[in-house]
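This is the structure, below, for whatever I ask next.
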Amino acid sequence: MKSAKSKPRLNDMRTPARSKQNLNQGERDPVQVFCRLRPMQRDNDSSCIKIISPTTVLMSPPSTAISYRNEGNKTMKYTFKEVFPPEANQQEVFDKVALPLVEGLIKGKNGLLFTYGVTGSGKTFTMTGEPLNCGILPRCLNIIFKTINELQAHKYVFRPDKMNMFDVQSEAEAMLERQQELHKFKSGRKNNSNPDLAMSDTDITKIFGVNEDNQYAVFVTYVEIYNNSVFDLLEDGPAISKNLPVKIIREDAAHNMYVHGVTEIEIKSAEEAFDAFYLGLKRKRMAHTTLNAESSRSHSVFTIRLVQAPVDEMGEAVIQNKKFLSISQLSLVDLAGSERTNRTKNTGQRLREAGNINKSLMTLRTCLEALRENQINGTNNMVPYRESKITHLFKNFFEGEGQVRMVVCANPRAEDYDETLQVMRFAEVAAEVEVAKPQITDVAATIGLMSGRRKANRLFNTAKDNIIRPEAKDLELDLGLVYSLGPDFPSLELNSSQASHIIKELMAHLEMRISRRETLKRSKAIKDERLRSALLELEKESLEVRSENASLRGQLASAERRVRALEERLTATENASVSHQRKLAEMTEYTTSLKRGLQEKELLLSQNKLDKEKQKKILERKYHHKIAAEHEKAKEFNSEKERLRYAIEEKENRLRIIAEALNGDRGDNIEVPKMTGDMAAQTSVRDFTPGSTPRALPAHLLTPFSSVPQTRDTRETPTSSRRGVAIANPRHRRSLSADGKGWVEHAPNKIVPMGTVLKPNITNSKFVNKLTNVKDIANSKSSKYCLISQEQDTDGELETKLYKGDIVPTCGGGAQVIFNDVEMLKQFSPTKDRESSRRTSGTCARHSAKRRETGCSPPQTPSNTSKKQRVDDD
């Protein structure tokens, strides 16, 4: 098997050098890998494998797979020798996979067949099958015995020598052992076979081309590899005993690996083979797991060994020489399924078994990768066969002992994607390994034995038996004209002259011979004439055939020219098709990427559009709320303006009364400041801007007047007047600078400390002297900006202004400041000269009177007070 991204196989691949003499290093066979998909268990299951051709599958990772998160949504294409869909039957799988191995076994070639896959993917079903639906193993046994049924040697003619070879015994020795076996089986032996697996003769295809000059014998072994230990499943003992001794793997004289001391049973029929197979199957270790109700916890190896030897020149007995034996074997391996612990939830003994199974499968993959590297790079690095029993046992196959095939069983469910992906990658490595073809030699031809001697001997014995029968005398034999001059001359002697009758008899005999000779001459002449005419006819036919052959050769040459031209055109068309397909694939991939990018951009645009619409709705909602609040505040402002106007008029009246009273007492003309409606309007406009909350008014405007006139001392003492309750500011706690957001304070280094309680320190702020870097403002922690300036007014008092604004990020990655508020703090000295204060008060009174006449409002400069002015951005 070769994936779409795998490298092409080189022509000069080679396996490590071996000491075998029967290997032809010039020809190699790749490991043929087949894929069989299991049907879906439930209709609602999603599939991650798709068959796109009879030899190619496409794997798409689901979103829940680990490979999807690691490698992205990446599909993989894998190519096999052949892909069997879920609806493929057992006979079809056997004909394509195992039948060539059985044919090679009968011809003297070795074969190895693996079933590999995840737990629950159908490996055991493919290998063994079920009642009325046999798998590969029962079909192999049935077809072997159907083919060699009449050519089997008597039992015990071939006997294992416990060293992976066989001895040849005489018929007398074999008969003696058969009699001893009859005494053993008198006690009776329980039949363990399953009759449902024995197929009828109509279901079995017989293999033709068998060498009829050989005699055959079949031997089977059945072992399992459990926790990296080898156990013999056919060893004598209780049928269900699982406490079996551990076997070791050795190398024989021909450098072949085998299980030492394994029980090897000679089989004479398929029923006996099923009996041995089910005896071992009962001892095989099976367990229940989360993924499979009956999961194999070990690797099982069922080996069929076929021994064949030529018969002698008479075509009856086997040649008594073990050097002329030909031994071939077919190993059917059912590998345990690979599994992940987080899915099977195995613990204890099951966890240890799963660890050994995965380790052995990993060793098998490592060996195949090492073989592939040796063949591609021409190196001779060591392959770690001995790290696992399964690789150690089949070392010879991977180094050129015979054909190797693998059936990858896959469950297309999306839940098994990660395990199936590892199986596909292992099969990809296995398909790139090549093994050398064994060279089969005819032993009988090397010792001078002619083919067909067994059949000739059988025909001769049949004819001899037919001639001996009494009814054979009446048979009419048409032998044609016998070319003979008659019987020999009689032995006559001429002793006397009276023997004239003897001379007459001799004359008659000679005349008869002469007439017979003339008859033979005439017959010969007739046959010669017939032969001559036949030769003439043949010559004529030969001339006609030659002329016809010449014309046919001309037609063939023209047809070959046309074929070559068509092949060239086909090659050019195929090349163009391949290039077009490649371009189409590239364009399809490019189009897919563009579509994907377009979809992502459309999603972003739609998301931005939705965000903008949401922001627009929020801004519209805020705008409507703000307009409603402005209207409400305008109403409150008008009502407050009217109230203040009435209060100011009342105060003016009181001031007028007080001024008249003072003028009447002192006799001087003192101008009483008049607070006109314009002044109230100016104060109201300054302190109650539309869109903002009411500000605190100056203290002298909040102090109520009593009905009793006050004296100068009373007016000059600030503490003698009782102040009213200050108006609360519901929008701010103390100041907009104390709202807890990230502030940037931009102020000079040397700033005069104010020490006032109306401006607390701004928390969560950053103090800067110069804005030299855009990051001072354009960062996620700053959302407010405050510019602080101090200056001295005309009266010499300290005036502090705080210009506040919001930091708004711009589209270019910077930021801009939108000023929306100005706080002004003016401090007056409480120890200022009283006379200047009185003069100032008088001056203010005169100015007030003057402004009252001209319609101007007086300046508001109360002592020891602070004034805050807010300018909104709208």
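The values are calculated or read from the model by the stated rules, or taken from the named source; none is laboratory data. Please read these numbers as outputs of a predicted model, since none were measured by experiment. Virtual Cβ from ideal backbone geometry, glycine too; neighbours counted across all protein chains shown. Calculation scope for accessible area: heavy atoms of the full protein, side chains included, ligands and nucleic acids excluded. Shrake-Rupley method; radii C 1.70, N 1.55, O 1.52, S 1.80 Å.
Mind counting the residues in region 643-661 that are out of contact with any helix residue (DSSP H, G or I) (no Cβ under 9 Å at 6 or more places or on another chain) and open to solvent by 80 Å² or more (accessible area, probe 1.4 Å)?
Summing the residues that are out of contact with any helix residue (DSSP H, G or I) (no Cβ under 9 Å at 6 or more places or on another chain) and open to solvent by 80 Å² or more (accessible area, probe 1.4 Å) in region 643-661 gives 7.
Being without any contact (Cβ under 8 Å) to a residue 40 or more places away in the chain, part of a loop (DSSP other than H, G, I, E, B) and farther than 16 Å from residue 227 by Cα, is that true of even one residue in region 367-381?
So far as region 367-381 goes, yes, one or more of its residues are without any contact (Cβ under 8 Å) to a residue 40 or more places away in the chain, part of a loop (DSSP other than H, G, I, E, B) and farther than 16 Å from residue 227 by Cα.
How about region 313-323: which of its residues are in contact (Cβ under 8 Å) with a residue 24 or more places away in the chain and surrounded by fewer than 18 Cβ atoms within 10 Å (Cβ to Cβ)?
Hits for region 313-323 are 313, 314, 316, 317, 320, 321, 322.
Against the conditions (1) modelled with pLDDT of 75 or more; (2) open to solvent by 40 Å² or more (accessible area, probe 1.4 Å); (3) part of a helix (DSSP H, G or I), where does residue 69 fall short? Just the number, please.
Checking residue 69 against (1) modelled with pLDDT of 75 or more; (2) open to solvent by 40 Å² or more (accessible area, probe 1.4 Å); (3) part of a helix (DSSP H, G or I), the one that fails is (1).
Kindly indicate which of 108, 104 is closer than 21 Å to residue 326 by Cβ, assigned to a loop (DSSP other than H, G, I, E, B) and open to solvent by less than 20 Å² (accessible area, probe 1.4 Å).
108
Look at residue 626 and say whether it is open to solvent by 60 Å² or more (accessible area, probe 1.4 Å), modelled with pLDDT of 90 or more, touching a Gly at 6+ places or on another chain (Cβ under 8 Å) and assigned to a helix (DSSP H, G or I).
In short, yes.
Write out, first by first residue and then by second, each pair whose Cβ atoms fall under 9 Å of each other, whose residues are 6+ apart or on separate chains, and whose first residue, in region 385-407, is in contact (Cβ under 8 Å) with a residue 40 or more places away in the chain and buried (at least 20 other Cβ atoms within 10 Å of the Cβ) while the second is part of a helix (DSSP H, G or I) and of a type in the set (Asp, Glu).
So the pair list comes out as 394/401.
Among the residues of region 342-379, write down those that are modelled with pLDDT under 80 and at positive phi.
The answer is 345, 348.
Given 632, 589, which one is more than 29 Å from residue 74 (Cβ to Cβ), surrounded by 10 or more Cβ atoms within 10 Å (Cβ to Cβ) and not β-branched (Val, Ile, Thr)?
Criteria check complete, one pass: 632.
Just name the residue that is surrounded by the most Cβ atoms within 10 Å (Cβ to Cβ) out of those in region 787-801 that are under 18 Å from residue 765 (Cβ atoms) and of a type in the set (Ser, Thr, Tyr).
By that ranking, first place goes to 800.
Let's see how each residue does on (1) within 25 Å of residue 99 (Cβ to Cβ); (2) surrounded by fewer than 21 Cβ atoms within 10 Å (Cβ to Cβ); (3) modelled with pLDDT of 85 or more:
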residue: 270; (1), (2), (3): yes, no, yes
residue: 287; (1), (2), (3): no, yes, no
residue: 299; (1), (2), (3): yes, no, yes
residue: 336; (1), (2), (3): no, no, no
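Does residue 779 satisfy the criteria of being surrounded by fewer than 11 Cβ atoms within 10 Å (Cβ to Cβ) and modelled with pLDDT of 75 or more?
no
Give the number of residues within region 811-825 that are in contact (Cβ under 8 Å) with a residue 24 or more places away in the chain and open to solvent by 50 Å² or more (accessible area, probe 1.4 Å).
3
Residue-by-condition table, conditions (1) at pLDDT 65 or above; (2) assigned to a loop (DSSP other than H, G, I, E, B); (3) open to solvent by 20 Å² or more (accessible area, probe 1.4 Å):
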| position | (1), (2), (3) |
| --- | --- |
| 182 | yes, no, yes |
| 186 | no, no, yes |
| 190 | no, yes, yes |
| 199 | no, yes, yes |
| 217 | yes, no, no |
| 236 | yes, yes, yes |
| 240 | no, yes, yes |
| 250 | yes, no, yes |
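So residue 726 passes all but one of these: (1) more than 60 Å from the chain's Cα centre (by Cα); (2) modelled with pLDDT of 80 or more. Which condition number does it fail?
(2)
So which residues in region 312-324 are in a loop (DSSP other than H, G, I, E, B) and either in contact with a Phe, Trp or Tyr (Cβ under 6 Å, 6 or more places away or on another chain) or of a type in the set (Val, Ile, Thr) (or both), if there are any at all?
319
Quick one: count up the residues across region 145-159 that are surrounded by 23 or more Cβ atoms within 10 Å (Cβ to Cβ) and part of a helix (DSSP H, G or I).
Residues that pass the stated criteria total 0.
Please verify whether residue 92 is surrounded by fewer than 18 Cβ atoms within 10 Å (Cβ to Cβ), assigned to a helix (DSSP H, G or I) and more than 30 Å from the chain's Cα centre (by Cα), treating the condition exactly as stated.
For residue 92, the condition - surrounded by fewer than 18 Cβ atoms within 10 Å (Cβ to Cβ), assigned to a helix (DSSP H, G or I) and more than 30 Å from the chain's Cα centre (by Cα) - is not met.
Okay, next question. Condition check: modelled with pLDDT of 90 or more and within 20 Å of the chain's Cα centre (by Cα). Does residue 51 satisfy that?
yes
Can residue 426 be described as part of a helix (DSSP H, G or I) and at pLDDT below 85?
Here the answer is no, as residue 426 does not meet what is asked.
Please determine, by comparing only the residues of region 799-844 that are closer than 26 Å to residue 753 by Cα and among the basic types (Lys, Arg), which one is modelled with the lowest pLDDT.
832
To continue, here is another question. Restricting attention to region 224-255, which residues are closer than 18 Å to residue 387 by Cα and in contact with an Asp or Glu (Cβ under 7 Å, 6 or more places away or on another chain)?
Answer for region 224-255, where residues must be closer than 18 Å to residue 387 by Cα and in contact with an Asp or Glu (Cβ under 7 Å, 6 or more places away or on another chain): 227, 231, 247.
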